[in-house]
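Read through the structure below, which is laid out as structure tokens, and then see the notes.
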Amino acid sequence: MAKVNKRVWLTFGSRSLVEKPILWQMARQYPDVSFDIRQASVTAEIGIMAVLFEGEPDEVAGALDYLKSRGLTVEPIEKNMIES
Amino acid sequence: MSYVRGLKCRECGQAYPEKGVHVCETCFGPLEVQYDYAAMRGKVTRESISAGPRNLWRYRDLLPINGTPRSGLHSGMTPLKRARNLEKVLGVRELYIKDDSANYPTWSYKERVVSVAITKAIELGYDTVGCASTGNLANSVAAHAAEAGLRAFVMIPHDLEQGKVLGSLIFNPTMVRIEGNYDDVNRLCSEIADKYRWAIVNVNLRPFYTEGAKTFGFEIAEQMGWKLPKHTVCPTAGGTILPKIYKGYREFIHLGLVEDNQPRIYSAQAAGCNPVVEAIQAGRDLIKPQKPKTIAKSIAIGNPADGFYVVQAVKESGGWGADATDAEIVDAIKLLARTEGTWTEPAGGTTLAATIKLIESGRIPRDESICVCITGNGLKTVEVVVDQLEPPASIPPSLDAFDRLMSGRATTETLPVAV
Ligand SMILES: Cc1ncc(COP(=O)(O)O)c(C=O)c1O
Ligand SMILES: [Zn+2]
């Protein structure tokens with residue numbers, strides 16, 4: 001299957017999330033998904049990253065689901081498509 | 001004549017040509033329109049603006065279009081009212097209401113952003129415009145697209161209230177209900193924006209769209225007699241309007257159209273969805289996402305796209321943020337109606353309630369000029385007040401009955417009338 005690119009914002013919304021090596025753990029589970037951090041701002045309490053993921057569609061979807069399951073907020077770079 | 005000099009990434013500064021792109025390919029930061037302000041000097045003046053049409057296009061030199069305006073020829077130039085009755089109630093010296101509940105044709109501040117986006121869409125050769133929305137934005141896109149003769153695609157979550165759906169449907173867009181939660185709808189829309197060559201106003205046209213919100217600030221300055229209020233209180237949802245009002249003020253100062261009184265800007269949010277106000281009060285730049293729970297649905301965005309830029313503008317100006325509970329929002333809606341004859345929706349109630357808190361806490365001094373930004377119309381959200389108003393008395397058609405009512409004797413016999 002063809003590889004896909006996914007650009008997303010990841011938010012580590014608390015100190016306990018910031019202090020865990022969640023991206024590394026994801027990479028161990030999904031070794032064939034590459035990630036490329038294009039922008040990041042991380043403090044003790046909160047971290048936000050713009051990340052490009054690349055890999056087989058199922059693998060990328062699995063990796064993003066894994067990040068969600070660990071408590072990160074995962075949003076498309078085009079976030080808030082729905083406006084009031 | 002256009003003063004636009006392309007687009008530029010707000011984060012890394014990379015330049016892009018003027019087209020339907022909105023994020024930087026390198027760092028994924030948002031793109032912003034660049035202008036040649038030096039070329040405007042002496043040409044964009046109070047006189048040149050005053051000589052323009054009585055709509056938001058009087059500021060076209062500061063808006064990102066090249067040809068003639070194609071949409072919004074009757075939008076903008078909404079009332080700026082001196083709120084003397086409210087001044088007395090709040091114990092302040094100089095208070096203004098900038099009233100976009102009267103913005104034509106769909107009664108919210110969104111006319112400003114949509115007018116610019118639709119004009120730009122035509123300029124860039126799109127024949128279809130779209131948005132995903134729960135209310136005001138969809139109403140505005142559908143109406144402006146109908147008038148401009150464009151196809152409109154409006155996507156909504158499947159469980160929206162009827163009033164919100166009809167407010168768009170009447171203009172005959174193609175409307176699609178999407179079965180899923182907020183996240184699902186977001187994801188699908190971003191895929192649609194990627195795949196179809198449509199102008200999604202708040203996505204691929206976002207750099208142009210957001211510029212339209214500056215006109216809210218331009219009008220305040222011009223209507224105050226080429227002066228700025230010292231304090232401006234503005235609602236925050238996705239974070240478009242607040243930084244753009246502030247940018248509008250700074251542009252007028254830069255061009256010498258108004259004196260620099262160091263205007264301060266303040267963010268208002270509902271307590272049930274206050275990620276930006278929470279960050280401002282905690283002294284943080286980054287926004288912690290929230291799950292919204294408030295009656296102020298038009299401003300219930302838990303993880304605002306431009307929240308960071310709201311915090312920046314508020315901090316740079318020396319402003320602050322305040323939030324309001326649902327009960328405070330309804331009280332403020334009623335207060336504004338009873339004192340100033342303006343019926344706003346919960347976004348406006350939130351802004352007035354937050355203003356009151358900022359005054360009472362001493363953040364906004366009572367003797368300096370204050371402008372409250374009213375961005376939407378109460379007729380669209382009757383649900384929030386329907387149980388909060390005393391039903392009218394009902395009497396037989398006789399003068400006698402009326403006299404009894406007036407003297408207070410009949411009040412216990414009156415029947416409530418269904419509203
Ligand atoms: C009535 C009203 N006021 C204010 C806002 C806040 O807008 P922004 O997303 O620009 O922060 C919105 C938009 O969603 C709105 O509909
Ligand atoms: Zn960039």
**Request:** For B:Ser133, state whether it is open to solvent by less than 10 Å² (accessible area, probe 1.4 Å), at pLDDT 95 or above and within 30 Å of B:Lys81 (Cβ to Cβ).
**Result:** no
**Message:** List the residue pairs whose Cβ atoms are under 6 Å apart, where the first residue sits in region A:27-45 and is β-branched (Val, Ile, Thr), the second is part of a strand (DSSP E or B) and surrounded by 12 or more Cβ atoms within 10 Å (Cβ to Cβ), and the two are 6 or more positions apart or on different chains.
**Reply:** A:Val33/A:Phe53; A:Val33/A:Gly55; A:Ile37/A:Met49; A:Ile37/A:Val51
**Asked** Within the bounds of region B:159-175, is there any residue that is open to solvent by less than 50 Å² (accessible area, probe 1.4 Å), touching a helix residue (DSSP H, G or I) at 6+ places or on another chain (Cβ under 8 Å) and within 11 Å of chain A (Cβ to nearest Cβ)?
**Response** yes
**Request:** Output yes when any residue across region B:236-251 is away from ligand 2 (no atom under 16 Å from the Cβ), on the phi > 0 side of the Ramachandran plot and in the same structural domain as B:Cys373 (by TED's automatic domain parsing), and no when none is.
**Result:** yes
**Item:** Looking only at region B:1-12, and only at residues there that are more than 12 Å from ligand 2 (Cβ to nearest atom) and open to solvent by less than 50 Å² (accessible area, probe 1.4 Å), the one that is nearest to the other protein chains (Cβ to nearest Cβ)
**Value:** B:Gly6
**Request:** Could you check, for region B:62-83, whether at least one of its residues is away from ligand 1 (no atom under 16 Å from the Cβ) and in a helix (DSSP H, G or I)?
**Result:** yes
**Asked** If you check B:Ala15, B:Ala39, which single one turns out to be more than 16 Å from ligand 2 (Cβ to nearest atom) and either closer than 21 Å to B:Val201 by Cα or surrounded by fewer than 18 Cβ atoms within 10 Å (Cβ to Cβ) (or both)?
**Response** B:Ala39
**Asked** Which residue pairs have Cβ atoms under 6 Å apart, sit 6 or more places apart or on different chains, and have a first residue in region B:349-368 that is touching a residue at least 40 places away in the same chain (Cβ under 8 Å) and a second that is in a loop (DSSP other than H, G, I, E, B) and open to solvent by less than 10 Å² (accessible area, probe 1.4 Å)?
**Response** B:Thr350/B:Ala296; B:Leu358/B:Ile364
**Prompt:** Taking region B:18-36 on its own, how many of its residues are open to solvent by 50 Å² or more (accessible area, probe 1.4 Å) and either within 11 Å of chain A (Cβ to nearest Cβ) or within 16 Å of ligand 1 (Cβ to nearest atom) (or both)?
**Reply:** 2
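Table: residues versus (1) among the small types (Gly, Ala, Ser); (2) assigned to a loop (DSSP other than H, G, I, E, B).
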position: B:Glu222; (1), (2): no, no
position: B:Gly225; (1), (2): yes, yes
position: B:Phe252; (1), (2): no, no
position: B:Glu259; (1), (2): no, yes
**Message:** Within chain A, considering only strands (runs of 3 or more DSSP E) that don't extend past its boundaries, which have at least 1 residues that are at the interface with chain B (Cβ under 10 Å from one of its Cβ atoms) and among the polar types (S, T, N, Q)?
**Reply:** A:4-12, A:34-42, A:73-76
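The values are calculated or read from the model by the stated rules, or taken from the named source; none is laboratory data. Note that the structure is predicted; figures quoted are calculated from it, not measured. Ideal geometry is used to build each Cβ from the backbone, glycine not excepted, and the neighbour counts take in all protein chains shown. Note: areas computed on protein heavy atoms with side chains; ligands, DNA, RNA excluded. Shrake-Rupley method; radii C 1.70, N 1.55, O 1.52, S 1.80 Å.
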